[in-house]
Amino acid sequence: MRRFFLATVFSHGDFRFRLRQAGYSLYDLMVTSAVASVLGVGAVGMTGLVQDARMTAEVNQMMGHLYLGRSEAIKRGTTITLCPSRNGTICSGDLEWNTGWIIFVDPNKNYKVDSGEVVIRVQQSLEGRLALRYGGDKESYAHTTYHPAGHTTPFATFTFCDGRGSTKAKGVIINRLGRPYVSSKTWDMKPLTCA
């Protein structure tokens, strides 16, 4: 868009009027377009980095909670259960763990927080659009339980997924001794799937 301003020029006693142009040159527009396109490409790359960082943070949080559950079971000499929870006080029975979970002392092994059973830790819902489930190929589980010797049941994989699908999924596997580790495959070496 061109803008014109009326400019007054005084020359040898007479007034002459001329138009003076003000605005952006073609060069200005090309440089601005180049900078904007570089920033746009960078923003797309940054989105992937932010998603990777968010998923890594949540995976590390789960790892810490699994180690906590295992160490509490060994230290207290009793069963410790992790289960999905929407409110931080009772198990919700959900198969999707992204709503949050709790770690609690479960000596009667009924996978419910009963009177007198202590909730050790509460995890709020996951950030962003992360999905989390615990299970294998054919079934999912609404709990995992650590026993006083440190092993866990059931033996399966926590699968973290976001909007990018199975290619960017991360798994947390609890091995037969109860120790968690991060993997890009399931416990039986199959590709992770996002349902």
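The values are calculated or read from the model by the stated rules, or taken from the named source; none is laboratory data. Computed from a prediction, not measured in an experiment: that's the story for all the values here. Note: ideal-geometry Cβ built from the backbone for every residue, glycine included; neighbour counts use all protein chains shown.
Couple of notes before you dig in:
- The set of residues in region 118-163 that are outside any loop (DSSP other than H, G, I, E, B), within 20 Å of Gly69 (Cβ to Cβ) and in contact (Cβ under 8 Å) with a residue 60 or more places away in the chain comprises Gln123, Leu132, Arg133, Thr144, Thr145, Tyr146, Thr152, Phe158, Phe160.
- Among the conditions (1) within 22 Å of the chain's Cα centre (by Cα); (2) small (Gly, Ala, Ser); (3) surrounded by 23 or more Cβ atoms within 10 Å (Cβ to Cβ), the only one that Ser92 does not satisfy is (3).
- Single condition Gly116 does not satisfy, out of (1) surrounded by 14 or more Cβ atoms within 10 Å (Cβ to Cβ); (2) farther than 14 Å from Ile174 by Cβ; (3) not polar (S, T, N, Q): (1)
- Options His143, His65: the member that is touching a Lys or Arg at 6+ places or on another chain (Cβ under 8 Å) and closer than 19 Å to Pro180 by Cα: His65
- Unmet requirement for Cys161, which otherwise passes all of (1) over 14 Å from Ile102 (Cα atoms); (2) over 20 Å from the mean Cα position of the chain (by Cα); (3) surrounded by 20 or more Cβ atoms within 10 Å (Cβ to Cβ): (2)
- Filter result for Val172 (touching a residue at least 40 places away in the same chain (Cβ under 8 Å), part of a strand (DSSP E or B), out of contact with any His (no Cβ under 6 Å at 6 or more places or on another chain) and closer than 15 Å to Gly69 by Cα): yes
- Which numbered condition Tyr111 misses (of (1) assigned to a loop (DSSP other than H, G, I, E, B); (2) under 26 Å from Asp52 (Cβ atoms); (3) touching a strand residue (DSSP E or B) at 6+ places or on another chain (Cβ under 7 Å)): (2)
- Boolean, Ile90 is among the aliphatic types (A, V, I, L, M) and not in a helix (DSSP H, G or I): yes
- Across region 175-188, the qualifying residues are those that are under 20 Å from Lys138 (Cα atoms) and not in a loop (DSSP other than H, G, I, E, B), and the one among them that is modelled with the lowest pLDDT is Lys185.
- Any chance Asp52 is among the charged types (D, E, K, R), under 12 Å from the mean Cα position of the chain (by Cα) and surrounded by 13 or more Cβ atoms within 10 Å (Cβ to Cβ): yes
- Checking Ala156 against (1) closer than 17 Å to Ala195 by Cα; (2) at pLDDT 90 or above; (3) touching a Phe, Trp or Tyr at 6+ places or on another chain (Cβ under 8 Å); (4) of a type in the set (A, V, I, L, M, F, W, C), the condition it does not meet: (2)
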